[in-house]
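Q: Sharing a structure with you now.
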Amino acid sequence: MNSKRRWKSILTRLRRALLFRKATTKIGIYGPPNAGKTTLTNRIVHTFVDENEDVGTATEVPHETRRAVRRAGVIIDLKAKSLEDPNSDLNSESEVKQKRGKAKLKLDVVDTPGLATKIDFHEFMAYGLEEDEAKKRAKEATEGVIEAIKWLDDIDGIVLLMDSTEDPYTQTNIVIIGNMEARGIPIIIAANKVDLVDASPQRIANAFPQHSVIPISALKGENMVDLYEEMARRFR
Amino acid sequence: MEIKMNVISEDKINSMSSTEKLRFILDGVKSGDIVVLEGGLTSEEQMKLIELTMTEVDDDFSGIEMSGYPSKKGFLNIRKKTRLTVVGPAKVMHTTKKDKDLISAIISAI
């Protein structure tokens, strides 16, 4: 059964590559709760679409995003962005990166709810929510996890976001990576929150040596060019 | 309070369909047991188990804790061989350390 699905996926991808390339690539931003998925999605949209458009709200409360949100028609064009806005975030990075920043990719970005194996409403009460509100949020969060899993059937690539200050070797991360490998879907690991003192992106690279790991800070906009270049290379 | 651990043989697991397997595991975990599966679950089965678990989370059952050794490359490096998976109630089991050959977990009675 799994083998059948794997071959079907490989054949579909081959046919797509040889006969007709999709005009738009659907990219899912996946990861555990509070890894910074919505912050990254907002960063991408602010940089390439509209600096005042938020796809979602990012807070410190886990499972803030409880519905997948798709932002269609994002064009990642580093060259155009550099020329059009010399003061953009991208240009605050090193000159070397500006010179090779020519990546271009049209995509739909899907900001997904955080994947988890457990959701306890008591955790939300610790953030000051009343019991009824916490239970409601927990219920919505479980639905969000299911929705995120269902989206895996409909995406062309994923950016798996991990918090660089946390142990990356969790079963949830392993399960996502295993599923993508089985389906033959390209995956980039973004080691987020490198602006924090106790961040260790190397720990993530050591845990998953078979995958590209790009250290970033979605909040501060650090190293984003490397991520966009890698996305253009892997997801084109 | 006693906590029961069920260690299930690979033969028993292989005799079940995917749906039966997941139902069997979740029923065990919901009744408070730790379920250890010789041979383990594939990553697709683990994802389905997470999905099934989420449909059953309520005020009393907050979900599962799951750990496993990563798959080994099998014949001609094509087919991956799963190894071992441990699943328990999230309220009882907490994984403290994990790498490719070691799983450390604390099991505590409620």
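Just so you know, all these numbers are worked out from the coordinates, no wet-lab data involved. Just so it is clear, the model here is predicted, and its values are computed rather than measured. Using ideal geometry, Cβ is built from the backbone for each residue, glycine included, and neighbour counts are taken over all protein chains shown.
Q: Roughly what would the spin-label model give for A:THR57 and B:MET1, points 7 Å off Cα along C-beta, in nm?
A: Roughly 3.6 nm, to one decimal.
Q: Taking amide H atoms as placed 1.01 Å from N in the peptide plane, list the residues 5 or more away in sequence, or in a different chain, whose amide H sits under 5 Å from that of A:GLU222.
A: Under 5 Å from the amide H of A:GLU222: A:SER217.
Q: Amide H neighbours of B:GLU65 under 5 Å, at least 5 residues apart or on other chains, H built in the peptide plane: list them.
A: B:GLY88, B:ALA90
Q: I've got another one for you. To the nearest 10 degrees, how steep is helix B:43-56 against the longest Cα principal axis of chain B, on a 0 to 90 scale?
A: 20
Q: Order these by the 10 Å Cβ neighbour count, fewest first: B:ILE103, A:ILE27, A:ILE75.
A: The fewest-first ordering by Cβ neighbours comes to A:ILE75, B:ILE103, A:ILE27.
Q: Determine which aspartates and glutamates satisfy two conditions relative to A:LYS118: a Cα distance under 14 Å, and not lying fewer than 8 residues away in the same chain.
A: A:GLU140, A:GLU143, B:GLU51, B:GLU56, B:ASP58, B:ASP59, B:ASP60, B:GLU65
Q: Work out from phi, with θ = phi - 60° and the Karplus expression 6.51 cos²θ - 1.76 cosθ + 1.60, the ³J(HN,Hα) of each residue of segment A:62-77, listed in order in whole Hz, and give x for Gly and Pro.
A: For segment A:62-77, the Karplus curve yields x, 6, 5, 8, 10, 9, 5, 10, 9, 10, 7, x, 8, 10, 8, 9 Hz.
Q: So what is the diffusion coefficient of chain B in µm² per second by Stokes-Einstein at 20 °C and 1.002 mPa s, using a Kirkwood Rh over Cα pairs? Present the calculation step by step, with values, prior to reporting the outcome.
A: Numbers: Rh = 14.4 Å.
So the translational diffusion coefficient is about 149 µm²/s.
Q: With everything on Cα atoms, drop me the angle between helix B:18-30 and the longest principal axis of chain B, reported from 0 to 90° to the nearest 10.
A: Roughly 30 degrees between the two axes.
Q: Can you sort B:MET93, B:MET54 by how many other beta carbons sit within 10 Å, fewest first? Walk me through the numbers on the way to the answer.
A: Values: B:MET93 20, B:MET54 24.
So the ranking, lowest neighbour count to highest, is B:MET93, B:MET54.
Q: Can you work out ³J(HN,Hα) from phi for every residue in segment A:107-115, in order, using Karplus 6.51 cos²θ - 1.76 cosθ + 1.60 and θ = phi - 60°, giving whole Hz and x for Gly and Pro?
A: 8, 9, 9, 10, 7, 10, x, x, 7
Q: What order do you get for B:SER31, B:SER43 when you list them from fewest to most C-beta neighbours inside 10 Å?
A: So the residues, fewest neighbours to most, are B:SER31, B:SER43.
Q: Along segment B:88-102, what does the Karplus equation 6.51 cos²θ - 1.76 cosθ + 1.60 (θ = phi - 60°) give for ³J(HN,Hα), rounded to whole Hz, x for Gly and Pro?
A: Residue by residue, segment B:88-102 yields x, x, 4, 6, 10, 10, 9, 6, 9, 8, 8, 9, 5, 10, 9 Hz.
Q: Okay, moving on. Under a 5 Å amide H to amide H cut-off, with H placed in plane at 1.01 Å, what residues pair with B:ALA105 once short-range neighbours are removed?
A: B:THR96
Q: Can you flag which of A:LYS135/B:LYS4; A:LYS135/B:LYS72; A:LYS106/A:LYS135; A:LYS26/B:LYS48; A:LYS37/B:LYS98 are past 32 Å Cα-Cα? Could you put the intermediate results ahead of the total?
A: Details: A:LYS135/B:LYS4 29 Å; A:LYS135/B:LYS72 40 Å; A:LYS106/A:LYS135 39 Å; A:LYS26/B:LYS48 22 Å; A:LYS37/B:LYS98 24 Å.
Pairs exceeding 32 Å: A:LYS135/B:LYS72; A:LYS106/A:LYS135.
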